[in-house]
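Report on the structure given below.
Every read-out reported here was derived from the displayed coordinates using simple, explicitly stated rules and does not represent laboratory data. What you are looking at is a predicted structure, and each value in this text was computed from that prediction instead of being measured. For neighbour counting, all protein chains shown are included, and Cβ atoms are generated from backbone atoms with ideal geometry for every residue, glycine included.
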Amino acid sequence: MGYPIWHGQAPRIMYTFVESYDLKSKTIIPFCTSASSPISSSATTLSNLTGEGNWKAGKRFSADDEINNVKNWLKSLN
Ligand SMILES: Cc1cc2nc3c(=O)[nH]c(=O)nc-3n(C[C@H](O)[C@H](O)[C@H](O)COP(=O)(O)O)c2cc1C
């Protein structure tokens, strides 16, 4: 699940998204882009909202990150 960081958090529409879908049997790997803010509490805020799903550790990329960094991260997830 990917999103930009807005004001230190995920955009509100992401809250609506996780509240609207049945994530019970899903594995969710959050990732975000930002100018400089870390992913920090944005991922735990989203997972706490649903209270369900298998949430993995999140990852932050800079807004202008290299595509290879994204590819390497995806590979590392196996
Ligand atoms: C309304 C708004 C708020 C933002 N707040 C932050 C912020 O708190 N910290 C940060 O590092 N970047 C912030 N940004 C920059 C975005 O995270 C960055 O533009 C985005 O990750 C890049 O994706 P995009 O190309 O879809 O905009 C903000 C951008 C917008 C539009």
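Taking a quarter of the surface of the Cα convex hull of the chain, what do you get in nm²?
Working: hull surface 20.2 nm².
Computed as one quarter of the Cα hull surface, the answer is 5.1 nm².
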Quiz item: How many nm separate the modelled label positions at Lys26 and Leu74, each set 7 Å beyond the Cα in the direction of the Cβ?
Solution: 1.9
Exercise. Indicate, rounded to the nearest 5 percent, the antiparallel portion of the DSSP beta bridges found entirely in the stretch 2-76.
Key: 10
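Do the sum for the chain: with -39,500 (n - 2.57) for every DSSP H run of n ≥ 4, divided by all residues, what is the mean residue ellipticity at 222 nm, to the nearest 500 deg cm²/dmol? Don't skip to the end; give the middle numbers.
Numbers: 3 runs with 28 residues, N = 78.
Only helices count here, giving -10500 deg cm²/dmol.
What's the magnitude of the charge dipole for the chain around its Cα centre, counting Lys and Arg as +1 and Asp and Glu as -1 at the beta-carbon? Answer in Debye, nearest 20. Intermediate results must be reported in sequence, preceding the final value.
Numbers: 8 positive and 6 negative charges, 39 e Å.
For the chain, the charge dipole is close to 180 debye.
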